[in-house]
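The values are calculated or read from the model by the stated rules, or taken from the named source; none is laboratory data. Please read all numbers here as calculations on a predicted model, not as lab measurements. With ideal geometry, Cβ positions are generated from the backbone for all residues, glycine too; neighbour counts draw on all protein chains shown.
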Amino acid sequence: MSSEELRTHSALHVVKGAVQRVIGAKWTASVYVAGRHGRLTVQFDRKPTGEETARIEEEANKKIAEGAEVLEFEMEKQEAEGHFGDAIYDLFPVPSGVTILRIVRIPDWNINCCNQGHVDNTAQIGRIRLGEPRFRNAKRELEIEFDLAE
Ligand SMILES: [Zn+2]
């Protein structure tokens, strides 16, 4: 992963936290990163309003500007589930046979099992700009795209 993609991928965690807060969408169906462009697809039942989209962007940028620590640690699967519940999971499954999970945590914001690389501090992401979200009614999926703005 390039250092740019490290920032973009880390931004996914920040955007996910903002999406959870602003519209309450919990489950991530897929993620995509290419250079400075990222896409988070979450399970949801409608297209967010313009106001909600603006708030997602605003909350994400606030968390980035805050310079929150991005913590990475390993934990036994059972222990992690006991501690954090199913919040650590996305809709794409962890391979069976995995007993140690790598957890990424932005305190009070996002927790996810994830085995990719991340920045140490959200300030390293710089600002992001959200695109117009796309809602796929048949799949009940909401695609939230963003670009690194700096
Ligand atoms: Zn990650």
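Residues that are of a type in the set (A, V, I, L, M, F, W, C) and out of contact with any helix residue (DSSP H, G or I) (no Cβ under 9 Å at 6 or more places or on another chain) within the stretch 7-21 comprise just one, LEU12. The set of residues from the stretch 1-32 being among the polar types (S, T, N, Q) and touching a Ser or Thr at 6+ places or on another chain (Cβ under 8 Å) comprises SER10, THR28, SER30. Only one of the numbered conditions (1) within 17 Å of the chain's Cα centre (by Cα); (2) in contact (Cβ under 8 Å) with a residue 12 or more places away in the chain; (3) farther than 25 Å from LYS139 by Cβ; (4) loosely packed, with under 15 Cβ neighbours inside 10 Å is not met by LYS62, and that is (2). Right, ARG140: more than 13 Å from the ligand (Cβ to nearest atom), farther than 18 Å from LYS62 by Cβ and in contact with a Phe, Trp or Tyr (Cβ under 7 Å, 6 or more places away or on another chain) or not? For ARG140, the condition - more than 13 Å from the ligand (Cβ to nearest atom), farther than 18 Å from LYS62 by Cβ and in contact with a Phe, Trp or Tyr (Cβ under 7 Å, 6 or more places away or on another chain) - is met. Contact map, the stretch 1-14: residues that are over 14 Å from ALA149 (Cα atoms) paired with residues that are among the acidic types (Asp, Glu) and at pLDDT below 95, Cβ distance under 9 Å, separation 6+ or inter-chain. No pairs are found.
Restricted to the stretch 21-35, and to residues there that are surrounded by fewer than 19 Cβ atoms within 10 Å (Cβ to Cβ) and within 22 Å of GLY126 (Cβ to Cβ), the residue that is farthest from the ligand (Cβ to nearest atom) is ARG21.
The set of residues in the stretch 79-121 that are within 11 Å of the ligand (Cβ to nearest atom) and surrounded by fewer than 13 Cβ atoms within 10 Å (Cβ to Cβ) contains only ASN115. Does the stretch 82-96 contain at least one residue that is among the charged types (D, E, K, R) and at pLDDT 95 or above? No, because not a single residue in the stretch 82-96 is among the charged types (D, E, K, R) and at pLDDT 95 or above. Within the stretch 106-135, if we keep just the residues that are without any contact (Cβ under 8 Å) to a residue 40 or more places away in the chain and part of a loop (DSSP other than H, G, I, E, B), the residue that is nearest to ARG46 (Cα to Cα) turns out to be GLY131.
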